[in-house]
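**Q** This is the structure I want to talk about, given as structure tokens.
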Amino acid sequence: MVHMFLNGGGMKGGNLHHLIGGAPFLGPATTLPIYRLHAVPLDGAADDHPALQAAPPGEGAAIEGELYDIDLTVLRTSLLPAEPPDLELGVVGLADGTEALGMRLRDACADLPGMVDITAHGSWRAYRASKAGTP
């Protein structure tokens, strides 16, 4: 079992949550303020998924998500195969001083067409709620 920071479809209520195999929810989590968050289009969808990216010094923000204790087999066989090709598994620094695995934007994908910086929203959920007009 490893700690996994989720900040998109794998979170509670997300379209990929069923893929984490009932992994124990450890609680809400926030990253260190060293990341940018983007909405990435895929297959014609304007904002298909979020992408966490390391920010240049002084340009990052804390991003909210959820922390799970996930089985490595579930991670390898269920969740990772469902992730979009522009994301890769990496290490994410958390505000409490710990680190966890998390999906991050591949360096080679830093200038994908149609990608929108949504860092100011602080989370994928807040961004999606703003688009839906809900508080």
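The values are calculated or read from the model by the stated rules, or taken from the named source; none is laboratory data. Just so you know, these numbers come straight off a predicted model, no measurement behind them. Every residue, glycine as well, gets a Cβ built from its backbone with ideal geometry; the counts of neighbours run over all protein chains shown.
**Q** What residue, among those in the range 62-79 that are surrounded by fewer than 18 Cβ atoms within 10 Å (Cβ to Cβ) and not acidic (Asp, Glu), is nearest to Gly97 (Cα to Cα)?
**A** Checking each candidate, the answer is Ala62.
**Q** Same structure again: What number goes with the only condition from (1) at pLDDT below 95; (2) closer than 24 Å to Val116 by Cα that Gly21 does not pass?
**A** It is condition (2) that Gly21 fails.
**Q** Now a separate question. What do you reckon, is Ala51 touching a Phe, Trp or Tyr at 6+ places or on another chain (Cβ under 9 Å) and crowded, with 17+ Cβ neighbours inside 10 Å?
**A** Details: touching a Phe, Trp or Tyr at 6+ places or on another chain (Cβ under 9 Å): no; crowded, with 17+ Cβ neighbours inside 10 Å: yes.
When the stated conditions are applied, Ala51 does not pass them.
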